[in-house]
Each structure stands twice: as C-alpha cells, then as structure tokens.
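Chemist: I'd like to ask some things about the structure below.
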Amino acid sequence: MVYLILYSFSKTASDFLEGGTKVYIKQKIAIMLLAVILTPNFALTQEKTLQVRVVSKSQKEIKVKTKGAGGWSERTLTFDSKTKGIENAKEGSKVTIKYLEKDGQLKAIEINPR
C-alpha cells in the first residue's frame, strides 16, 4: 500500500488517466490535507506534570499553588470521575498532577502524593 502511494507521487496523473490531465500537485496537496485532518487529537495534546500544593478542592475543580521562576502562582484544574487519585487532593497536601491542556483549560488525569 505504501509503495503504491509513493509510486503515485513519482508519476503524473496523466500516466494513470486517459486524456492527459495533469493533477500531480493537486493529488499531493489532497493527500497531505487528508493526513492533517486524520491526525488524532491525542497526537496534538501532550500529557504534562505539575508538582503543587493543593489550596482547595470543589466538586469539579482543584486550586493549586506552584512555584516557578517568578515565585508562587495559583492555577485551577478541572477533574471528573475518570481522574485517578482524586482522594489525594486534600487541602494543604503536596501532590504531583498529570494533566492535559485543552482549549486553555487544565484537566487533571491523575493525582499522586509526593
């Protein structure tokens, strides 16, 4: 299959179609666009990790403090029933949170004590 695709790039469409219409560049563009469209979302989002201190926890959000180069900053992460280790997010506890960033929001995937 891959060989056929590569072979088709080396030939113009006139080699395959009668009438001599050349659509070689259009064919390449269409295949590249199709590849971009079919790229799964998980390939575009990367799992990240934060080491934080839990400030507060509500029904769907955790507020945490993290220390960076500019000092302490507060962040809010959302969680749901699929988040592992939510019981570790107690006020004042130090935890490591694995999360994804999607549409500007941080979503906790896993919370572990440190």
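The values are calculated or read from the model by the stated rules, or taken from the named source; none is laboratory data. Worth saying up front: this structure is predicted, and the values here are computed from it rather than measured. All Cβ positions, even for glycine, are placed from backbone atoms using ideal geometry, and neighbour counts span all protein chains on display.
Chemist: Name the single residue that is surrounded by the most Cβ atoms within 10 Å (Cβ to Cβ) among those in segment 64-100 being at positive phi and touching a residue at least 24 places away in the same chain (Cβ under 8 Å).
Modeler: Restricting to residues being at positive phi and touching a residue at least 24 places away in the same chain (Cβ under 8 Å), the top hit is 85.
Chemist: Further question: Can you spot a residue in segment 43-57 that is modelled with pLDDT of 90 or more, in the same structural domain as residue 108 (by TED's automatic domain parsing), farther than 18 Å from residue 113 by Cβ and not charged (D, E, K, R)?
Modeler: no
Chemist: Here's a follow-up. Being of a type in the set (Ser, Thr, Tyr), modelled with pLDDT under 95 and touching a strand residue (DSSP E or B) at 6+ places or on another chain (Cβ under 8 Å) narrows it down to one of 12, 39, 66, so name that one.
Modeler: After ruling out the rest, the residue left standing is 66.
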